Amino acid sequence: MAQEMPAAWQQWIDLMQEEGDNEIDINEIAELYEDLSDNPININDTTSDILAHLPFVGTLRWNIIKAYIEQHGQLFSINELYLLNRFDRQTVDMLRPIITIEPYKPAEPLTWRQLLTKGRHKVVVGADATLERAAGYTNGIYEGSPLHLYALYNYHYGDKVDLTLSADKDAGEALFAKSQPQGADFYGGHLMVSNIGILRRGIVGQYNLQFGQGLTLWSGFASHFPLQADISRYARGIVAASPFVEYGYMRGIATTLALSRHIELSSFYSNVLRDATADQDGIIHSITNNSLHRSTTEINNKDRLREQLYGAHLRYTTGKIDLGATVCHTVLSDSIIPHSYKYNYHAFSGRSILNAGIDARLVIHRLLIYGEGSISSNGALAGIAGASLSLAPTHQIGLTIRHYDADYHNLHCSPIARSSTIGGEQGIRLAYETMLPLNINATAEVDAFRFSTLHYQIYAPSRAVSYRVALARPMSEHTTLTLTYFHRQSNRNHSGEGHEYLVMPTLRQQLTADFRYEDDRWMLRTHASLCLYDDSYDKPQAGFAIYQDFRYSASSFPLTITLRGQLFHATDYNTRLYATESDLAYLSTTASLYGKGFHAYLIARYAITPQLLITAKYSIIAYNDRETIGSQQEAIDANHRQLLKAQLVWKF
């Protein structure tokens, strides 16, 4: 059975949340972990580059593994990774549940007999609900019940075939009634075939496209700042979309063909309906990433706009050089006319966008050079370039420069950026990793950036700079202590006299300490964070959170118990703190904590048989400083909220 997401992965998610301006959707990370832990990678298989795609491994670390295997032979234990440069405790702990150490054997030729007898099947069904009723249910605004229901079937055969079918009904959505006579609100799925003859990959259904450094075409999850010296992307090309993420994916057909030993051609066509907001005259103002269809407004926005996307990516690759060219054309069924907000002056308006770009990656011994340049159909340019250099076995430096024109338009890009709206952003990032005495892994980085245009909550061109220092020391074989300090100076609107806004400097600092013990049976984790915020206008604000995790897996009984108890006190939203929770398969929760209160949860996982797993979770959050939780239709007339989850996983 797949393991519960380990503390090292949760810590990685917490750090990404703390660094970004925008809350990230971590469900794709949960699904990535579920897929990798169900289908672990044989690290001795150097013909596959799956590990290089992971942000916490990357190109240089993967090249180090391959060089070690070539020189010393195949690995016999995961602990051998500690002998390799740049493999610290955090990296090894994140790899531990998703890799295997086995002698590498080339895959056998694919036959129908093997497909029928050696494939692996998985069925997942689950339900969860908030026990307290929100206003949307009591006043009849929501069509359905508070139950969230979901189901998944997956068939997997090695690296050759992957079939997934899924259904998802969110809380508040109707089921076989009203606006959902077809049953669930969302049905997903794909059939993916890989590595058969010249067909490197072929997929029908829902998929994502990831090329270059994310500037010309990238859909699906992308870690914007992987918190290490090397922040280059290692694009995965055509990949299956997450079964329960209801927006941002492509739907259609895509293939990658090996034209020769070094040349690949990917082509794709997508035809999908997107949710969009429109006014009473039917004018569409924006595409939304909302997966909820509970109220009349949300239902009216559902599938409002048809998007067709087609194009190709040509790739030339050798052991040291990787060159690519991408072109894609996006056509909408209706024009987007953005709201006339000040920060929308450079926003995309129209029905179609043509994007084209070139990307490159070059490895010269210990030096990695990468970059991508892109152009949109209006002639605006965007570019990113960077380098990572291992100065010595325990020293690495990374530099990245980015420049995105204000009028650069792209509906499907996700490059390294500090804002989800990348237009008008320029920046330079410098990072350094080293190993200090006492086996302390240290990372320091500075990112200086500016916005040449107005942005949401910043009604003037602005500048910002952020710093981060992280120290991690293994205290013993299973114990690690990590200290992180984050500092950002930026700008934010402040209401002035009349209806004018003053753009004022702000300072946000956060100090985090994380102590973790984890072995095969026990996990103990103590985490404490302190946040200070000063906008140079109002009184400085502060927030803190501290939690204790406990997990125990019985040796003679197939039961695992996970507990968390947490106290928090954040005076306002600007001092909010994040805490990633343990959760059920394919689910992940990050609590955004502000206010004053207490949070706790209990998870019980019981393996009825080696193939059948049942999991239940109870969580509660209670506030001392309010009598009502949430707002508008999500308002709960109580100072607490309780959530129950249950799930059954069957593998055969």
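The values are calculated or read from the model by the stated rules, or taken from the named source; none is laboratory data. Here the structure is a predicted model, which means the values were calculated and not measured. So basically every Cβ, Gly included, is an ideal-geometry build from the backbone, and we count neighbours across all protein chains shown. The area values use the complete protein model at the heavy-atom level, side chains included, leaving out ligands, DNA and RNA. Shrake-Rupley method; radii C 1.70, N 1.55, O 1.52, S 1.80 Å.
Structure summary
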| read-out | value |
| --- | --- |
| Sequence-distant residues sharing a close amide H with residue 589 (under 5 Å, placed H) | 581 |
| Accessible-area value, residue 96, 1.4 Å probe, nucleic acids and ligands omitted, Å² | 100 |
| Under Karplus coefficients 6.51, -1.76 and 1.60, residue-wise ³J(HN,Hα) of the range 515-531 in Hz, glycine/proline x | 10, 9, 10, 8, 9, 5, 10, 10, 9, 10, 9, 10, 10, 9, 9, 10, 10 |
| Gain upon complete extension [residue 625, residue 127; 0.36 nm per residue less C-alpha separation] | 176.2 nm |
| Cα→Cβ-extended label distance, 7 Å offset, between residue 611 and residue 489, nm | 6.3 |
| Links that overshoot a 31 Å alpha carbon limit, given the list 178/342; 66/160; 105/169; 302/596; 122/617; 178/645 | 178/342; 105/169; 302/596 |
| Centroid-to-centroid separation of the range 380-415 and the range 261-336 [C-alpha atoms, Å] | 23 |
| Which label in (1) -0.41, -1.14, -1.30; (2) -0.29, -1.05, -1.33; (3) -0.22, -1.03, -1.68 gives the computed log10 I(q)/I(0) by the Debye sum over Cα atoms at q = 0.05, 0.10, 0.12 Å⁻¹ | (3) |
| Heavy atoms of residue 335: accessible area, 1.4 Å probe, square angstrom to 10 | 40 |
| Helix-only mean residue ellipticity at 222 nm for the chain, each DSSP H run of n ≥ 4 adding -39500 (n - 2.57), per residue, nearest 500 | -3000 deg cm²/dmol |
| Pairwise label distance in nanometres, residue 507 with residue 465, each label 7 Å out on the Cα-Cβ vector | 1.3 |
| Gained length - residue 204 relative to residue 632, 0.36 nm times residue gap less alpha-carbon distance | 150.1 nm |
| Cβ-placed point charges (K, R +1; D, E -1), dipole of the chain about Cα centre in debye, nearest 20 | 1180 |
| Highest-first arrangement of 8-14, 444-450, 72-78, where packing means the average Cβ count within 10 Å | 8-14, 444-450, 72-78 |
| Cα→Cβ-extended label distance, 7 Å offset, between residue 522 and residue 111, nm | 5.1 |
| Interatomic Cα distance distribution for the range 432-541, bins of 10 angstrom, percent | 13, 30, 26, 18, 11, 3, 0 |
| Inverse of mean 1/r across different Cα pairs in the range 145-300, Kirkwood, Å | 17.8 |
| Highest to lowest packing among 342-349, 574-581, 526-533, scored as the average C-beta count within 10 Å | 574-581, 526-533, 342-349 |
| Paramagnetic reach from residue 303 (point 7 Å along Cα→Cβ, amide N under 20 Å) across the range 335-352 | 335 |
| HN-Hα J in Hz across the range 537-546 - Karplus 6.51, -1.76, 1.60, θ = phi - 60°, x for Gly and Pro | 10, 9, 5, x, 10, 9, x, 9, 8, 9 |
| Peptide ranges 184-197, 110-123 listed from the most packed, as the mean C-beta count within 10 angstrom indicates | 184-197, 110-123 |
| Fraction of the pair-distance distribution of the range 35-105 above 21 Å, Cα-Cα pairs, percent | 11 |
